[in-house]
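All of the numbers you see were taken from the coordinates with simple rules; none came from a lab. Every value quoted in this text rests on a predicted model; they were computed, and no experiment measured them. Note: ideal-geometry Cβ built from the backbone for every residue, glycine included; neighbour counts use all protein chains shown.
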Amino acid sequence: LRAQEQKHIQELIEQSKSATFTDSKLFSELPISKKTLAGLSSAKYVETTPIQSEAIPLALANKDVMGAAKTGSGKTLAFIIPVLEKLYKNNWSRMDGLGALILSPTRELALQIFEVLCKIGKKHSFSAGLVIGGKNVSEERERVSKMNILVATPGRLLQHLDQSPDFNMLNLQILVIDEADRILDMGFEKTVNAIIENLPVERQTLLFSATQNKSVKNLARLSLKQPEYVDVYDPE
Ligand code: ADP
Ligand code: MG
């Protein structure tokens with residue numbers, strides 16, 4: 001079974017290399033794992049939205065992506081799927097520590113992302129946690145250092161970086177900055193920059209935003225490497 005899974009992973013890696021899947025309108029046509037597909041279909045997701053069909057293949061091909069699309073266009077799956085696939089293809093296991101970090105501006109939005117992550121990722125064996133404050137830091141600290149995927153608000157994450165000796169991000173494979181415009185509007189620019197300084201340079205980064213402005217572009221310049229831009233035009 002293990003050998004079969006390794007073969008599946010090798011096939012996915014080969015298929016992902018050429019990001020020529022932009023015409024895919026079905027999740028089942030994307031080069032993604034059976035585990036992720038099972039999560040998607042049990043949540044009744046069948047067809048991709050435009051931001052998903054454009055951003056996911058690029059992300060699967062290991063590109064940095066800056067994605068802009070209005071609220072409600074399906075940006076969450078556009079990064080949840082690449083996060084799961086990245087760790088899966090890298091044979092990530094519980095012992096490998098933190099592999100993916102998803103930053104979100106508010107506790108409510110972080111919780112929503114976490115719920116989608118758990119639903120779509122339920123066939124995978126990664127550990128995942130929320131870092132959004134509200135509980136005391138030492139209680140959170142215990143669990144935080146054991147997680148493979150964290151969904152976090154920037155302030156609370158930086159607090160753990162500063163105060164939790166067992167917590168580091170040295171192995172991080174993929175960073176997601178969701179709702180970058182709101183993160184910046186809320187005054188988290190310095191916090192996000194401080195977090196990025198603690199991340200390995202060799203990583204993939206996906207940045208999503210409903211709107212683009214000067215400060216979003218500035219953050220993109222600081223966090224992304226030769227990004228692909230995906231801007232889904234909204235005819236309304
Ligand atoms: P955004 O982050 O762009 O505001 P969300 O990721 O929160 O958008 O998605 C908005 C809504 O659309 C959610 O209720 C989600 O379940 C639904 N949705 C997302 N992708 C799909 C899809 N491919 N098929 C059907 N519904 C989807
Ligand atoms: Mg969103």
Could you state the number of Å between the C-alpha centres of the stretch 153-230 and the stretch 99-138? 16 Å
Semi-axes of the stretch 15-136's equivalent ellipsoid from the Cα gyration tensor, sqrt of 5 times each eigenvalue, largest first, rounded to whole Å? 23, 17, 14
Cα-based Kirkwood hydrodynamic radius, the stretch 73-162, one decimal, Å: 13.3 Å
Ratio for the chain, C-alpha Rg to 2.2 N^0.38 Å, reads 0.96
Using DSSP to define loop residues, name the GluC sites (Glu not before Pro) in the stretch 137-206 whose beta-carbon has at most 11 other beta-carbon atoms within 10 Å. GLU202
Cα-derived Rg to Rh of the stretch 81-127, Kirkwood definition: 0.97
Among 144-154, 98-108, the order from most to least packed when residues are scored by Cβ within 10 Å on average: 144-154, 98-108
Diffing the stretch 154-168: the Karplus 3J(HN,Hα) column from phi (6.51, -1.76, 1.60, θ = phi - 60°), in whole Hz with x for Gly and Pro, holds x, x, 5, 5, 4, 4, 5, 4, 6, 10, 9, x, 7, 9, 9
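Share of antiparallel DSSP beta bridges in the stretch 62-231, in percent to the nearest 5?
Taking every DSSP beta bridge with both residues in the stretch 62-231, the antiparallel ones total about 0 percent.
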Could you work out the percent of alpha carbon pairs in the stretch 139-226 separated by over 22 Å, rounded to a whole number? 25 percent
